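Only one structure is covered here, and it is reproduced in the block below.
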Amino acid sequence: MTIYAQWGNNPGVHAASTMMLGHIQTNSVSMFTNLCSLLFNTNLSVTAPNVFQLFAGALPDMTVSVGSTQTTDYSEDLMQTLFHELGHASLFHKVGQVYWTGVISQITWNITQYASTSINYPYGAGTETLAGLIQINEAWAEFIGKEHHRRFHPNGQTIVWSMGIKQGYPNAIENDRWFFNLWINTGIFYDLLDPANNEMNDGLDNFSIQNMYNCFGPNTNGFCDFRAKFLQNNSSENTTTMNNLMQNQNQWNGNCFNGWPNPIKL
Ligand SMILES: [Zn+2]
């Protein structure tokens, strides 16, 4: 993994990304060029060719930016962010380069389209062509970040970070149903993992992270595909129980529709 670390201009701001460009064989330099021009508003290959060559020779798999006043002490929320990013990186190895190129192209499109709007870019509104890839990618990464945090600070005494706000466990992981927007649901993974039938319609318990991870692949274009693969892999579980859990988590109905327009498949 090639990781760029960066001091931010502002205090207290953490931003990170997992582009996996060092692991993508096709068009990775041009994707990097596009992202640089969007983020820095300049074509680095023209304005700073030596710097660009340096970057192009070691394209970032991950970038981590911390605020200018960040101390070198352990930071809970930065650690959670790093494990969120590692969740992305591990998912990459299951879904592959074509999938990831789709994620990057959708994010690039979103940044261009929504820069001066109220829509949560770079994730978008959930209605974009490849929104299903963003949905799976962000939902999984956020779950991994929070679940690591929960295990690292056990016994329910601690907090997890949710959208920059400290929340008491289990609320932030169990009931925090979304990341940035309602269509990116994170709580379903925790409800599958936890041992307790502790919520209305939470009839699926004790599934491992590995079991859930095994449900992802190059064609997992949203939660509907995840659900189908989960039921295929765990054939003793019935569809109604899974549907009820998803409905409880985020109002998905039997057709796997939660009020947000269904993403178009690849
Ligand atoms: Zn993310």
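The values are calculated or read from the model by the stated rules, or taken from the named source; none is laboratory data. Bear in mind the structure is a predicted one, so any value in this text is a computation, not a measurement. Cβ placement follows ideal geometry from the backbone for every residue including glycine, while neighbour counts extend to all protein chains displayed.
Values computed for the structure shown
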quantity: Any chance Ser65 is within 21 Å of the chain's Cα centre (by Cα), surrounded by 17 or more Cβ atoms within 10 Å (Cβ to Cβ) and either at pLDDT below 90 or among the basic types (Lys, Arg) (or both); calculated: yes
quantity: Subset tally (residues that are at pLDDT 85 or above and over 17 Å from Val95 (Cβ atoms)) for segment 7-26; calculated: 1
quantity: The listed residue being within 22 Å of Gly132 (Cβ to Cβ) and not small (Gly, Ala, Ser), out of Met1, Met79, Met20; calculated: Met20
quantity: Pairs where the first residue, in segment 45-61, is free of Cβ contacts under 8 Å to residues at least 40 places away in the same chain and the second is among the polar types (S, T, N, Q), C-beta under 7 Å, 6+ apart; calculated: Ser45/Thr33; Phe52/Ser45
quantity: Qualifying position, being in contact with a Gly (Cβ under 9 Å, 6 or more places away or on another chain), among the aliphatic types (A, V, I, L, M) and more than 24 Å from Gly217 (Cα to Cα), among Ala48, Ala58; calculated: Ala58
quantity: Criterion violated by Arg150 - all others in (1) at pLDDT 85 or above; (2) assigned to a helix (DSSP H, G or I); (3) in contact with a Pro (Cβ under 9 Å, 6 or more places away or on another chain) satisfied; calculated: (1)
quantity: Selection count where residues are part of a helix (DSSP H, G or I) and either of a type outside the set (A, V, I, L, M) or away from the ligand (no atom under 16 Å from the Cβ) (or both), scope segment 59-90; calculated: 10
quantity: Looking only at segment 1-18, and only at residues there that are assigned to a loop (DSSP other than H, G, I, E, B), in contact with a Ser or Thr (Cβ under 7 Å, 6 or more places away or on another chain) and at negative phi, the one that is nearest to the ligand (Cβ to nearest atom); calculated: His14
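Residue by residue, here is whether (1) at pLDDT below 90; (2) more than 16 Å from the ligand (Cβ to nearest atom); (3) at positive phi holds:
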| position | (1), (2), (3) |
| --- | --- |
| Gln113 | no, yes, no |
| Ile134 | no, no, no |
| Glu138 | no, no, no |
| Gln167 | yes, yes, no |
